[in-house]
1. Would segment B:92-111 turn up any residue that is closer than 26 Å to B:HIS35 by Cβ, within 21 Å of the chain's Cα centre (by Cα), assigned by TED's automatic domain parsing to the domain that holds B:GLY138 and hydrophobic (A, V, I, L, M, F, W, C)?
2. When you go through A:THR28, A:THR22 one by one, which is the residue that is within 13 Å of DNA strand C (Cβ to nearest atom), open to solvent by 70 Å² or more (accessible area, probe 1.4 Å), out of contact with any strand residue (DSSP E or B) (no Cβ under 6 Å at 6 or more places or on another chain) and modelled with pLDDT under 95?
3. Could you tell me which numbered condition A:VAL162 fails, if it satisfies all but one of (1) open to solvent by 20 Å² or more (accessible area, probe 1.4 Å); (2) part of a helix (DSSP H, G or I)?
4. Only one of these conditions is not met by B:LEU136: (1) in a helix (DSSP H, G or I); (2) more than 7 Å from every other protein chain (Cβ to nearest Cβ). Which number is it?
5. Any chance you could count how many residues in segment A:186-208 are facing chain B (nearest Cβ under 8 Å) and in a helix (DSSP H, G or I)?
6. Within the bounds of segment A:82-95, is there any residue that is within 14 Å of chain B (Cβ to nearest Cβ) and either farther than 29 Å from A:ARG196 by Cβ or crowded, with 16+ Cβ neighbours inside 10 Å (or both)?
7. Given (1) within 16 Å of DNA strand C (Cβ to nearest atom); (2) within 14 Å of chain A (Cβ to nearest Cβ), identify the lone condition not met by B:VAL63.
8. Give the residue that is farthest from DNA strand C (Cβ to nearest atom), with candidates limited to residues of segment B:37-60 that are within 22 Å of the chain's Cα centre (by Cα) and hydroxyl-bearing (Ser, Thr, Tyr).
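The values are calculated or read from the model by the stated rules, or taken from the named source; none is laboratory data. What you see is a predicted model; the values in this text were computed from it and never measured. Neighbour counts are summed over all protein chains in view; Cβ atoms, including those assigned to glycine, are modelled from backbone coordinates with ideal geometry. Heavy atoms of the whole protein, side chains included, go into the accessibility calculation; ligands, DNA and RNA do not. Shrake-Rupley method; radii C 1.70, N 1.55, O 1.52, S 1.80 Å.
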Protein chains: 2
Amino acid sequence: MISHKPEQVFGRDAGQPHSNRTSDNRETYDERLNHILKVATVLIAQVGYEKASMRAVAKAAGVSLAGLYHYFDSKEKMLFLIQFRAFTALLNNLREKLHGIDDALEQLRVMVKSHVGYFAANMAALKTCSHELDSLTGTAYDETRRIRREYYDLASAIVARVLDEHAPNNAFDRHVTTMSLFGSLNWLYRWYDPKRVCSPTALANQMVQQFLRGVIDAAPAKSQPEFTTPA
Amino acid sequence: MISHKPEQVFGRDAGQPHSNRTSDNRETYDERLNHILKVATVLIAQVGYEKASMRAVAKAAGVSLAGLYHYFDSKEKMLFLIQFRAFTALLNNLREKLHGIDDALEQLRVMVKSHVGYFAANMAALKTCSHELDSLTGTAYDETRRIRREYYDLASAIVARVLDEHAPNNAFDRHVTTMSLFGSLNWLYRWYDPKRVCSPTALANQMVQQFLRGVIDAAPAKSQPEFTTPA
DNA sequence: CACAAAGCCGAACGTACGTTCGATTGGCAA
DNA sequence: TTGCCAATCGAACGTACGTTCGGCTTTGTG
């Protein structure tokens, strides 16, 4: 689904096991690749892409330095795999959860919850994605940028519908509105610790409420009526 | 003003010109240091700290590689100088503008405006500060962390007063509230271009309005009473 | 069994980096 | 003038990095 590029190698359709596909071998290959990527993700999230040396990745993953290069043919491809998989999963996750939801506000809530939830479950991956956006170059960069753009467009459309239906009169620059929301979400990786602060669900709820109604008490006090999803 | 550390050398009190201080020499020294730091800031903002080699900095600044080391004794100290100066300026700027402002909402507006304004005027510096928070180690890290903490505490107190006075009944986690605002502000470096999007003032106004009242129209349509300036 | 291929590794290669060294220059002070 | 020291430089040093090479071991297949 990704390929059509002269080079090669990402996703599951790598180059190594072509003719033979005894399920046992295949599993081992994928498992090891996943394991290496997972370890590399954590390391990159901790020390940054440039400082995460292939030697350190190899040691953490329990393989030799040269052994890494059986799973990707460069460090940059490794980062690409990490980012591509994370962005794809994030996007698919959102699309899946959005399925069947028609109400605009509900869509927004689902989106934020999906983002926060995926984030809390995959902190290292999303930290790597948020912080190393520009560490890729050339085709790999374009490819991740394409998915990010898809995700942005989807989110943007949801925000736009919310504004159309519930704030037709405000004069906000919609790009600013959307990027503010994205900023709040993407900055999570700098401070959020699901073990110490509130739960992902509570966090998502608060962020949605703040985004929709702000922090100031409306007229009475609590009880956001539009939050019980009307028709 | 900063020192009390055994090591040395940051701020203006470097080590080189001690006895002699013919104002001409001194000016040249400071000017050159400022120039080098400015050039380095832009370079780091463009390609990242790890990828910005000292050779590249030297070339961009018009000095030799070895010549750099007369102004700071390591690359990390250079980054520290950049961050320390930027954070200090940001903090002083905010304190200065806050002086004489008593109203809580007005303080919040001043804070956001100050942040966005300083950001728009020093994009490379704040990008470097936002993105390379963890590139420093040891004492240098602690020092920048200390100022960031001061800035956070000040902003946090402003947010807290706003909530106390205008939202005494909501049950928001205040740390989440503050970090959401910070996220929106700090994410600016990823997308904001003052030449292409709205002005810093308009941007700040919209962010404050969104933070206070959310994106949804209140009861009628426009006219936020506690809020004057449109664009 | 034989043998090809996959999987894996130790060792090395070339390079780019941060930093240091030794020397030269230029301007002020005695 | 002489001497000193900040300022600057070209050249080198040591190191850590990404990557490659050649060969070993294992495994599934004819």
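1. Let us first name the residues in segment B:92-111 that are closer than 26 Å to B:HIS35 by Cβ, namely B:92-93, B:96.
Still in the list and also within 21 Å of the chain's Cα centre (by Cα): B:92-93, B:96.
Filter once more, keeping what is assigned by TED's automatic domain parsing to the domain that holds B:GLY138: B:92-93, B:96.
Now narrow it down to the ones that are hydrophobic (A, V, I, L, M, F, W, C): none.
Checked segment B:92-111: no residue is closer than 26 Å to B:HIS35 by Cβ, within 21 Å of the chain's Cα centre (by Cα), assigned by TED's automatic domain parsing to the domain that holds B:GLY138 and hydrophobic (A, V, I, L, M, F, W, C).
2. On the way: A:THR28 fails: open to solvent by 70 Å² or more (accessible area, probe 1.4 Å).
Result of the check over A:THR28, A:THR22: A:THR22.
3. (1)
4. The single condition B:LEU136 does not satisfy is (1).
5. Residues that pass the stated criteria total 8.
6. Scanning segment A:82-95, I find no residue that is within 14 Å of chain B (Cβ to nearest Cβ) and either farther than 29 Å from A:ARG196 by Cβ or crowded, with 16+ Cβ neighbours inside 10 Å (or both), so the answer is no.
7. So B:VAL63 meets the others, but not (2).
8. B:THR41
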